[in-house]
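The values are calculated or read from the model by the stated rules, or taken from the named source; none is laboratory data. What you see is a predicted model; the values in this text were computed from it and never measured. Note that each Cβ is placed from the backbone with ideal geometry, even for glycine, and that neighbours are counted across all protein chains shown.
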Amino acid sequence: MNVQLPMADGTIYPVQPSKIVALGLNYLEHIKESQSVSKTGNIDEKIPTEPVLFPKTPNVLIGPGETIILPAFLDDYNFPNCRTDHEGELAIIIKDRIKNIPVEQAMDHILGFTCFNDVSQRNLQKGDISGWYRGKSLDTFGPIGPAIVPVEDIGDPQNLNIECRVNGEVRQQSNTRHMIFSIPEIIAFVSKMFTLEAGDIIITGTPNGVGPLQDGDIVEVEIEKIGVLINRVKAEQG
């Protein structure tokens with residue numbers, strides 16, 4: 001892991017989080033498309049009442065232009081439908097050490113915002129008894145970038161268009177205003193659970209339209225006022 005991203009003042013920021021805290025099911029339309037929604041179609045009972053958290057480990061991180069690797073060991077499982085998905089998301093980088101931060105102070109502790117691709121191996125994610133750990137934390141499964149935009153330059157972070165494209169085809173298209181939990185609410189909740197250190201990353205959930213990645217694909221995550229994160233996908237040779 002050796003990711004360095006430019007900041008607005010021209011300095012280069014080394015991305016070295018002690019932890020990456022991710023949110024699941026933070027957009028209603030993504031909940032609707034998720035298999036976690038019951039077959040009865042009753043969406044209301046599946047809307048989370050507090051943020052759904054899971055970890056991604058720092059080994060996932062790669063920068064703009066680097067390659068997402070689909071690991072060869074997946075072939076050993078002979079999954080009938082082996083699927084690794086893109087998930088375009090807004091990422092928050094924490095500025096300082098915080099604990100139990102109230103909602104009204106949360107924005108004061110953000111270093112900046114960037115794009116993130118929460119690459120997810122679905123077969124492992126859905127099949128592991130231990131939960132989502134493996135499926136979310138394989139090497140290269142966390143592209144981040146292309147730049148870090150500070151709070152004062154982002155405008156309203158709760159009104160940013162977000163889009164994910166694969167080989168130029170739009171797969172995900174939404175706006176951060178559709179988050180179930182707002183950015184201040186997320187930071188307040190996460191900091192109640194865990195002490196956050198400077199450089200830690202929170203990723204805020206993905207909208208609907210997640211889909212599979214294949215060898216040779218070029219995946220782009222674009223967020224308004226931040227830029228475009230571009231990565232190629234490559235299947236590892238066994």
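General observations
- Matching residues in the stretch 211-238 - criterion: being in contact with a helix residue (DSSP H, G or I) (Cβ under 7 Å, 6 or more places away or on another chain) and closer than 20 Å to Pro64 by Cα: Lys225, Glu236
- Residues of the stretch 7-32 that are surrounded by 23 or more Cβ atoms within 10 Å (Cβ to Cβ), farther than 22 Å from Gly199 by Cα and among the aliphatic types (A, V, I, L, M): none at all.
- Test: Ile129 is without any contact (Cβ under 8 Å) to a residue 24 or more places away in the chain and among the aliphatic types (A, V, I, L, M): yes
- Condition met for Val228 (surrounded by 19 or more Cβ atoms within 10 Å (Cβ to Cβ) and among the β-branched types (Val, Ile, Thr)): no
- Residue list for the stretch 1-13, restricted to those being in a strand (DSSP E or B) and without any contact (Cβ under 8 Å) to a residue 60 or more places away in the chain: Gln4, Ile12
- Scan of the stretch 118-155 for residues that are under 15 Å from Thr57 (Cβ atoms) and among the acidic types (Asp, Glu), ordered by number: Asp118, Asp128, Asp139
- Evaluation of Glu220 against (1) in contact (Cβ under 8 Å) with a residue 40 or more places away in the chain; (2) in a loop (DSSP other than H, G, I, E, B) (one fails), failing number: (2)
- Set Ile94, Ile101: member being closer than 22 Å to Pro157 by Cβ and buried (at least 22 other Cβ atoms within 10 Å of the Cβ): Ile94
- Flag if Leu70 is modelled with pLDDT of 95 or more, among the aliphatic types (A, V, I, L, M) and crowded, with 16+ Cβ neighbours inside 10 Å: yes
- Scanning the stretch 49-67 for residues that are surrounded by fewer than 20 Cβ atoms within 10 Å (Cβ to Cβ) and not in a loop (DSSP other than H, G, I, E, B) gives Val52, Leu53, Phe54, Pro55, Pro58, Asn59, Thr67.
- Among the criteria (1) crowded, with 19+ Cβ neighbours inside 10 Å; (2) polar (S, T, N, Q); (3) over 16 Å from the mean Cα position of the chain (by Cα), the one Ser120 does not fulfil is (3).
- When each of Gly135, Gly168, Gly112, Gly131 is tested for being out of contact with any helix residue (DSSP H, G or I) (no Cβ under 9 Å at 6 or more places or on another chain) and not β-branched (Val, Ile, Thr), the lone residue that passes is Gly168.
- Qualifying residue in the stretch 147-161 (condition: buried (at least 16 other Cβ atoms within 10 Å of the Cβ) and either under 14 Å from Leu23 (Cα atoms) or of a type in the set (D, E, K, R) (or both)): no
- Residue within the stretch 108-115 that is under 19 Å from Gln173 (Cα atoms), surrounded by 15 or more Cβ atoms within 10 Å (Cβ to Cβ) and of a type in the set (Val, Ile, Thr) present: yes
- For the stretch 136-154, the criterion of being under 24 Å from Val52 (Cβ atoms) and without any contact (Cβ under 8 Å) to a residue 24 or more places away in the chain is met by no residue.
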